[in-house]
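Enquirer: My questions all concern the structure below.
Every read-out reported here was derived from the displayed coordinates using simple, explicitly stated rules and does not represent laboratory data. Please read all numbers here as calculations on a predicted model, not as lab measurements. Cβ coordinates were reconstructed from backbone atoms using ideal geometry, including for glycine residues, and neighbour counts include every protein chain displayed.
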Amino acid sequence: MSHQVGHQTAAALLRRLAAEQAECRIPSIMAAVVRDGHIAWAAGRGRVGGEPPTTRTQYRLGSITKSVVAVAVMRLRDEGLLDLLDPIGKHLPGARFGEATVAQLLSHTSGLTAEPPTPWWERTPGVEAGELLARVGPGHVKHRPGRRFHYSNVGFALLGELVARLRGRPWLDVVRQEVLEPLGMSDTTARPRAPHASGYAVHPYADVLLPEPEHDAVAMAPAGQLWSTTADLARWAAFVAGDTRGVIDAATLEEMREPAIVDDGDAWSAGYGLGLQLTRYAGRRLAGHTGSMPGFLATVWADPADRVGVLFLANTTSGMSRTLLTDLLRILDEHEPSLPREWEPAEADADLLALTGVWHWGPTPYVLRLLPGRGLALEPARGGGRASRFVPQDDGTWLGLDGYYAGETLRVAADHLDVNTFVFTREPYDPGAPVPGGVETWRA
């Protein structure tokens, strides 16, 4: 089956990209749509070295680098070499602000200052990790750890050093061997290789360019050093959408995509997980990251619900619209919406079939349904309320996967369900079941 979009869809996508490049005066830009792990459409506008950019032209990723580093951190957690609740000082003894946890650094809730106490780090040569740790002190903690979202490039510099110390080799070697190579991202590097775009600032009132400097950020490199291509970033979009290729467990990736903090209050249109930015658009919950370095902008978003991703790479410091990628998603949905997955019948054990149907939490009816792999879903019959999915355990119980009962235990008895002490019965407050507090008689 072809993964390519149709001609009409491709024309509409290209029209939107061309408008972005022309109206925002971008020296060059590449964009792509990813479906089911494959590039369904890719196109470029502008020139790199006098030629149109291609899917192999490198651009700087900027802060998308943070997500790659975060995966290396989560691998350490999964191996038992750290706990997300560990204070960073446990692993970086030289840190003078060691109470912030690994999870808080990953989610930008550590309270650490946004930028390091050095000259503008994105435009000047970097300093070594030891010097950076010596410069950052208690005065650079701007908020109580855990209180609020405060984006911190410094925090990811520390996470890169954490990876290096626990693995005993540079963070870049770790992410290359453990993340990039297994995902087939061989054109993602720390410094540019040919062919690559040069970074430019575009004059706000004239059509002229200013070359932007590019240096090795050294200790700050985990915050934004990597360069990549459209082809490689498409593989990353597929990874974020769920194609992990064994780099991390699917459950760990799902944990990274969970909102740890909301960035815009009650609206909840933007937030942050563990190393992944989150946004909501037109019913979609997207995960990925933006990237910005002098001379470069990049963004990648992926929707695991239907395995779709969108991305762009551009060599301009600023001035792009904020809607390019969501517009590409809108065009895709209008022209070629994803087909629902085909329904197929599944086998079910008789003992599980007997559990399905209506149960009552007090007077409130719930419906229990079977899920693949002997899983269960318990949902209020009238919608809303405390809905959760459960997965079977070796001891005959079920573990809550999400919702109110995430992490809690469901036990099945002959005449009731026990969900973390809450008793569900076939009839409302069944007097024959061990309902805590006892059951009297229904009255007029």
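Enquirer: For region 350-425, what is the convex hull (Cα atoms) projected area averaged across all directions, in square nanometres? Numbers along the way, then the final one.
Expert: On the way: hull surface 19.0 nm².
Approximately 4.7 nm², given one-decimal rounding.
Enquirer: Something else: So what's the gap between the Cα centers of region 337-369 and region 380-413, to the nearest angstrom?
Expert: Cα centres, region 337-369 to region 380-413: 13 Å.
Enquirer: Sticking with this structure for a sec: Assign unit charges at the C-beta atoms only (+1 for Lys and Arg, -1 for Asp and Glu), then state the dipole size of region 316-444 relative to its Cα centre in Debye, rounded to the nearest 20.
Expert: Once rounded to the nearest 20, the dipole reads 460 debye.
Enquirer: Report, in debye and to the nearest 20, how large the dipole of the chain comes out about its Cα centre when Lys and Arg carry +1 and Asp and Glu carry -1 on their Cβ. Kindly include the intermediate steps, with their values, before the conclusion.
Expert: Values: 43 positive and 52 negative charges, 254 e Å.
Value, rounded to 20: 1220 debye.
Enquirer: Continuing with this model, one more query. State the Cα centre-to-centre distance between region 420-436 and region 70-144 in whole Å.
Expert: 49 Å
Enquirer: Looking at the square roots a ≥ b ≥ c of the eigenvalues of the Cα gyration tensor of region 25-98, which shape do they give, rounded for a/c under 1.5, prolate if a/b is larger than b/c, or oblate?
Expert: Verdict is prolate for region 25-98.
Enquirer: Using alpha carbons only, what's the Rg to Rh ratio of region 1-151 with Rh from Kirkwood?
Expert: Here Rg/Rh amounts to 1.10.
Enquirer: Taking only the Cα atoms of region 133-272, how large is their convex hull per residue, in Å³?
Expert: Numbers: hull volume 27.2 nm³, N = 140.
Here the figure is 194 Å³ per residue.
Enquirer: DSSP loop (so not H, G, I, E, B), at most 10 other Cβ within 10 Å: list which GluC sites (Glu not before Pro) in region 316-348 pass both filters.
Expert: Sparse-neighbourhood loop GluC sites (Glu not before Pro): 342, 347.
Enquirer: How much mean residue ellipticity at 222 nm does the chain get from its helices, if each DSSP H run of length 4 or more adds -39500 (n - 2.57) and you divide by all residues, to the nearest 500 deg cm²/dmol?
Expert: -6500 deg cm²/dmol
Enquirer: Compute the acute angle (0 to 90°) between the alpha-carbon long axis of helix 64-78 and the principal axis of greatest extent of the alpha-carbon atoms of the chain; round to the nearest 10°.
Expert: The answer is roughly 40 degrees.
Enquirer: I'd like to know which of 65, 201, 225 lies farthest towards the positive end of the charge dipole of region 7-335, counting +1 on Cβ of Lys and Arg and -1 on Cβ of Asp and Glu.
Expert: 201
Enquirer: In square nanometres, what is the average projected area of the Cα convex hull of the chain?
Expert: 26.5 nm²
Enquirer: If r is the Cβ-Cβ distance from residue 343 to residue 165 and R0 is 56 Å, what FRET efficiency results, to the nearest 0.05?
Expert: Values: r = 50 Å, r/R0 = 0.89.
Efficiency for this residue pair is about 0.65.
Enquirer: Mind checking which of 242, 28, 434 is farthest towards the positive end of the chain's charge dipole, using Cβ charges of +1 (Lys, Arg) and -1 (Asp, Glu) about the Cα centre?
Expert: Result: 28, furthest along the dipole toward the positive end.
Enquirer: With axes computed from alpha carbons, what is the tilt in degrees of helix 324-335 against the longest principal axis of the chain, rounded to the nearest 10 within 0 to 90?
Expert: Roughly 60 degrees between the two axes.
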